[in-house]
Amino acid sequence: MTLRVVVAVFSVGTVLAACRDESRNAPTPTTYVWPDSFAFKMEYVAETRTDSAVVVRYEERKELRFAVREDRYLVWHDSVIKESLLGGRRGEVEPYAIEDTLPYYVTLDRRGRVSHSEPGCDPALPPCRQALPSALPLELARLIPRLPVWPAPRGSVWVDTLSYDDTQRPGGVRGMLITQFRVASDTVAGGVPLWKVTWHAERRTFAPVPGPMGFAEGVPVGEDGYVYIDKERELPVFAMWGGGVAAPANLAAVGVRGTGFRGRAYLAGSIVERLLGPPE
């Protein structure tokens, strides 16, 4: 993976920002129309820095695929590429996480809510017991905004809370993701009307620890992002997000300030993929 991939993380925002504003042309959607199969192509970058240098850089590319199985979706990751660069040295390929290799069964409603998610594997197998049930719903929260019950005028705000508990799994925590959504604008790209939703999310986690309190609160993580929704297909077609977290005390003591991250995802076969053109 090269630097041009990282530059591309921001290029689509420039393309869509240049599109024509059509704020009053269509009502705001309140439901999605999910096809039998679809996929998101995703890119992600994280950098841990001191005041003057990048200590660790991590890059990831993958596809997230959906296919109907009876009354729910089978969801899995495909074409996963992970690479890290430590202290200016040559990049190294990173191993897959358990969640990269297992399929999930997911129930996704028309407002974008994941009402059920479970690994599609034998619970008796060790990898299946290690997979975190919250991993996929948290990933989808960046790509699929929860839509309001009623059409929302521009500037309206609504809030969604995703609570989860993975404490029965090794390394799992209890937590919540609180996301505030706002209607930003409507626009047109390549003749396709799009609806833009911006969001701000705060994630709080609580890890089990010995003692009377039972749980210790982790460092809160904030993120900001936006999603473009195709009004004709009634599907999210492009998402961009970013955030950061301060370094823990042991790293701050040696000059590390924190880690910043950013990413994007776009719907395969959408107007956004056509605007991007073929991969380089």
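The values are calculated or read from the model by the stated rules, or taken from the named source; none is laboratory data. Here the structure is a predicted model, which is why all the values come from computation and not from measurement. Heads up, the Cβs are rebuilt from the backbone with ideal geometry, glycines too, and the neighbour counts pull from every protein chain shown.
Pairs meeting the criteria (first residue in the stretch 215-244 and free of Cβ contacts under 8 Å to residues at least 12 places away in the same chain, second residue in a loop (DSSP other than H, G, I, E, B), beta carbons under 7 Å, at least 6 apart or on different chains) are Ala216/Val209.
The sole residue among Gly225, Gly211, Gly175, Gly171 that is crowded, with 20+ Cβ neighbours inside 10 Å and over 30 Å from Pro151 (Cβ atoms) is Gly175. Where residues in the stretch 255-266 are over 24 Å from Val173 (Cβ atoms) and small (Gly, Ala, Ser), which of them is surrounded by the fewest Cβ atoms within 10 Å (Cβ to Cβ)? Taking the candidates together, the pick is Gly255. Selection within the stretch 233-254: residues that are touching a strand residue (DSSP E or B) at 6+ places or on another chain (Cβ under 9 Å) and at pLDDT below 90. The member of this set that is surrounded by the fewest Cβ atoms within 10 Å (Cβ to Cβ) is Ala252. Residue count for the stretch 125-170 under the criterion of being over 24 Å from Phe238 (Cβ atoms), part of a loop (DSSP other than H, G, I, E, B) and polar (S, T, N, Q): the result is 3.
Among the residues of the stretch 65-73, are any within 29 Å of Gly258 (Cβ to Cβ) and out of contact with any Ser or Thr (no Cβ under 7 Å at 6 or more places or on another chain)? Looking through the stretch 65-73, none of the residues is within 29 Å of Gly258 (Cβ to Cβ) and out of contact with any Ser or Thr (no Cβ under 7 Å at 6 or more places or on another chain). Listed by first and then second residue, the pairs linking a residue in the stretch 154-168 that is free of Cβ contacts under 8 Å to residues at least 24 places away in the same chain and exposed (fewer than 13 other Cβ atoms within 10 Å of the Cβ) to a residue that is of a type in the set (D, E, K, R) and part of a loop (DSSP other than H, G, I, E, B), with Cβ atoms under 6 Å apart and 6 or more places separating them unless they lie on different chains, form an empty list.
Of all residues in the stretch 270-280, those satisfying the criterion of being touching a residue at least 24 places away in the same chain (Cβ under 8 Å) and out of contact with any Lys or Arg (no Cβ under 7 Å at 6 or more places or on another chain) are Ser270, Ile271, Val272, Glu273, Arg274, Leu275, Leu276.
Out of the stretch 74-99, which residues are loosely packed, with under 14 Cβ neighbours inside 10 Å, at pLDDT 90 or above and part of a strand (DSSP E or B)? Across the stretch 74-99, the qualifying residues are Asp78, Ser79, Ile81, Val93.
Output the strands (runs of 3 or more DSSP E) that fall wholly within the stretch 174-265 and possess 2 or more residues being closer than 20 Å to Asp160 by Cβ and more than 15 Å from the chain's Cα centre (by Cα), or say none.
Counting at least 2 such residues, we get 174-189, 192-208.
You will find that of Leu125, Leu177, Leu140, the residue that is modelled with pLDDT of 95 or more and farther than 30 Å from Ala249 by Cβ is Leu140 and no other.
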